[in-house]
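Engineer: This structure is in structure tokens; I'll ask about it shortly.
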Amino acid sequence: AVLATTADAAHPGRAPGKRILYVQYTNPAGFPPLQHSSQILAEDGWEVLFLGAHISGTETFVFPERPHIEVHQLKLRPTGWRQKLHYLRFFAWCLAWIVRLRPDWIYVSDLLACPVGLAAAVLGVPVVFHEHDSPEEGAPGAFIRLCLWTRRRCARRAKMCILPNAFRAARFAQHTNVAAAPLVVWNCPRREEAAILRTTRPRNVKFFYHGSIVAERLPLCVVDALANLPCSSSLTVVGYETAGSAGYVQALRDRARELGISQRLNLVGPLASREEILQACRQHDAGLAFMPLDSGDINLRAMTGASNKPFDYLACGLAVVVSRLPDWEEVFVKPGYGIACDPGSAKSVASAFEWLCDNPDAMRVMGERG
């Protein structure tokens, strides 16, 4: 409603159709909030255009084809000084689209899109700033410092700022000095993605993980825990290695081979669409959503609401296994959606796995309640 009212005021002579331009220097298909919000707007008659860029590890992700939604992406960006030139090309490309399209709103969703968002705000285009991942202040490098400078000014000029976590929102307000408190919107699925009730598979529990395959989210001790289970359980991993985790999938595969459980660790790799991920998720019983118990990264310390994993699992009827962190236990364990453990301890993870194997009816109730 806010978007539509502002659009009408900005272009009183234009036909009723509204236009919104999403800008992010990444592949938008890897971000569920971008898919959800754009689909909601398209269903309400908006014309939606995405401008993005392919990044390493997400090349296989495909944005779902929907009426009134168009996606354009620059090719995979190179490294080194060529990457800076690639970004300058991206910036000029976005400005050209803004001038050509005359959108009613600009939706900015990452740090490297902030220069475009600030330029759009200076040109008089209303901006929504939805920050999915929070950058660290005082980061090294002139280019990143420039982006942080534009982030602060883009935030102050934006009509609304949105963050997925209350702690991050408070920190964002402190660092940017925005006049109004940011909105906090959790990274939940749409209602249409919720699955039907499930049947119980006693003791043959199928565990599931999807997302970036890194040690912080899927530690090696999970494989150790799987090997210690008395039941014939399995773990399916759907996702991709990040630039900093190259070789980690092979490390998981090697550990499973050492323990003699290769047939119980199913490393699928990345799937092209969110629909495929959810279809795979529905074939399992419990989902893993781990965060390290101690981290200096704000995005790992404050992930309740920001991580789509547990919400996706709940929408598919899975019980969740989360880290033993106060905020995660408050959101997911206390209401009865799953159980918690120490993700750095094979014994603790195995204990959680064993409880689910031994209590299939309670596990099913957790998934249905979620």
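The values are calculated or read from the model by the stated rules, or taken from the named source; none is laboratory data. None of these values were measured; they are calculated from a predicted model. So basically every Cβ, Gly included, is an ideal-geometry build from the backbone, and we count neighbours across all protein chains shown. Just so you know, the surface numbers come from the protein's heavy atoms only, side chains and all, with ligands and any DNA or RNA stripped out. Shrake-Rupley method; radii C 1.70, N 1.55, O 1.52, S 1.80 Å.
Engineer: Checking the structure you have, find out if any residue of the stretch 343-356 is among the acidic types (D, E), open to solvent by 50 Å² or more (accessible area, probe 1.4 Å) and touching a residue at least 40 places away in the same chain (Cβ under 8 Å).
Structural biologist: In the first step, residues of the stretch 343-356 are kept if they are among the acidic types (D, E); the result is 354.
Filter again for open to solvent by 50 Å² or more (accessible area, probe 1.4 Å), leaving 354.
Among the residues that remain, those that are also touching a residue at least 40 places away in the same chain (Cβ under 8 Å) are: 354.
Checked against the condition, which is being among the acidic types (D, E), open to solvent by 50 Å² or more (accessible area, probe 1.4 Å) and touching a residue at least 40 places away in the same chain (Cβ under 8 Å), the stretch 343-356 yields at least one hit.
Engineer: Further, regarding this structure: Within the stretch 94-137, restricting attention to residues that are under 23 Å from K84 (Cα atoms), without any contact (Cβ under 8 Å) to a residue 60 or more places away in the chain and part of a loop (DSSP other than H, G, I, E, B), which residue is least open to solvent (accessible area, probe 1.4 Å)?
Structural biologist: If we take residues in the stretch 94-137 being under 23 Å from K84 (Cα atoms), without any contact (Cβ under 8 Å) to a residue 60 or more places away in the chain and part of a loop (DSSP other than H, G, I, E, B), then E131 is least open to solvent (accessible area, probe 1.4 Å).
Yes or no, residue by residue, for (1) in contact with a His (Cβ under 7 Å, 6 or more places away or on another chain); (2) more than 24 Å from S307 (Cα to Cα); (3) open to solvent by 30 Å² or more (accessible area, probe 1.4 Å); (4) modelled with pLDDT of 95 or more:
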position	(1), (2), (3), (4)
T5	no, yes, yes, no
I20	no, yes, no, yes
V23	no, no, no, yes
F31	yes, no, yes, no
A42	yes, yes, no, yes
E47	yes, yes, yes, yes
L51	yes, no, no, yes
T58	no, no, no, no
F63	no, no, no, no
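Engineer: Something else: Just to be sure, is G287 on the phi > 0 side of the Ramachandran plot and not polar (S, T, N, Q)? Walk me through how you get there before you give the answer.
Structural biologist: On the way: on the phi > 0 side of the Ramachandran plot: no; not polar (S, T, N, Q): yes.
Judged against the criteria, G287 is not a match.
Engineer: To continue, here is another question. Given the stretch 252-370, what helices (runs of 4 or more DSSP H) lie entirely inside it while holding 2 or more residues that are closer than 30 Å to Q35 by Cα and acidic (D, E)?
Structural biologist: Details: elements: 274-281, 298-301, 309-315, 346-358, 360-369.
In the stretch 252-370, 274-281 are the helices (runs of 4 or more DSSP H) which contain 2 or more residues that are closer than 30 Å to Q35 by Cα and acidic (D, E).
Engineer: Answer yes if at least one residue in the stretch 127-148 is among the small types (G, A, S), farther than 25 Å from W97 by Cα, within 22 Å of the chain's Cα centre (by Cα) and modelled with pLDDT under 95, and no otherwise. Show your work before the answer.
Structural biologist: To start, the set of residues in the stretch 127-148 that are among the small types (G, A, S) comprises 134, 138-139, 141-142.
Going one step further and asking which of them are farther than 25 Å from W97 by Cα, we end up with 134, 138-139, 141-142.
Restricting the remaining residues to those that are within 22 Å of the chain's Cα centre (by Cα) gives 134.
From what is left, the residues that are modelled with pLDDT under 95 are 134.
The answer is yes, given that some residue of the stretch 127-148 is among the small types (G, A, S), farther than 25 Å from W97 by Cα, within 22 Å of the chain's Cα centre (by Cα) and modelled with pLDDT under 95.
Engineer: Only residues that are over 30 Å from I55 (Cβ atoms) and touching a residue at least 60 places away in the same chain (Cβ under 8 Å): list them for the stretch 212-233, please.
Structural biologist: To start, the set of residues in the stretch 212-233 that are over 30 Å from I55 (Cβ atoms) comprises 224-233.
Within the stretch 212-233, D224, A225, L226, N228, L229, P230, C231, S233 qualify.
Engineer: To continue, here is another question. In the stretch 117-145, which residues are more than 16 Å from M160 (Cα to Cα) and not hydrophobic (A, V, I, L, M, F, W, C)?
Structural biologist: Matches in the stretch 117-145: D133, S134, P135, E136, E137, G138, P140, G141, R145.
Engineer: How many residues, within the stretch 273-297, are over 25 Å from A346 (Cα atoms) and within 15 Å of the chain's Cα centre (by Cα)?
Structural biologist: Qualifying residue count for the region: 5.
Engineer: Okay, next question. Return the residues of the stretch 147-185 that are over 20 Å from A302 (Cβ atoms) and charged (D, E, K, R); say none if nothing qualifies.
Structural biologist: Once the filter is applied, which keeps residues that are over 20 Å from A302 (Cβ atoms) and charged (D, E, K, R), the stretch 147-185 yields R153, R156, R157, K159.
Engineer: Right, another one. Looking at the stretch 315-340, I want the residues that are open to solvent by 30 Å² or more (accessible area, probe 1.4 Å) and have a partner that is among the polar types (S, T, N, Q) and not in a helix (DSSP H, G or I) with Cβ atoms under 7 Å, at least 6 apart or on another chain. Which pairs are those?
Structural biologist: Close Cβ pairs satisfying both conditions: D327/T304; V331/T304.
Engineer: Condition first: surrounded by 11 or more Cβ atoms within 10 Å (Cβ to Cβ) and not in a helix (DSSP H, G or I). Now tell me which residues in the stretch 73-93 satisfy that.
Structural biologist: Q73, L74, L76, R77, P78
Engineer: Let me ask something else about it. Does L267 fit the bill of being surrounded by fewer than 19 Cβ atoms within 10 Å (Cβ to Cβ), more than 21 Å from N165 (Cβ to Cβ) and of a type outside the set (V, I, T)? Walk me through how you get there before you give the answer.
Structural biologist: Numbers: surrounded by fewer than 19 Cβ atoms within 10 Å (Cβ to Cβ): yes; more than 21 Å from N165 (Cβ to Cβ): yes; of a type outside the set (V, I, T): yes.
When the stated conditions are applied, L267 passes them.
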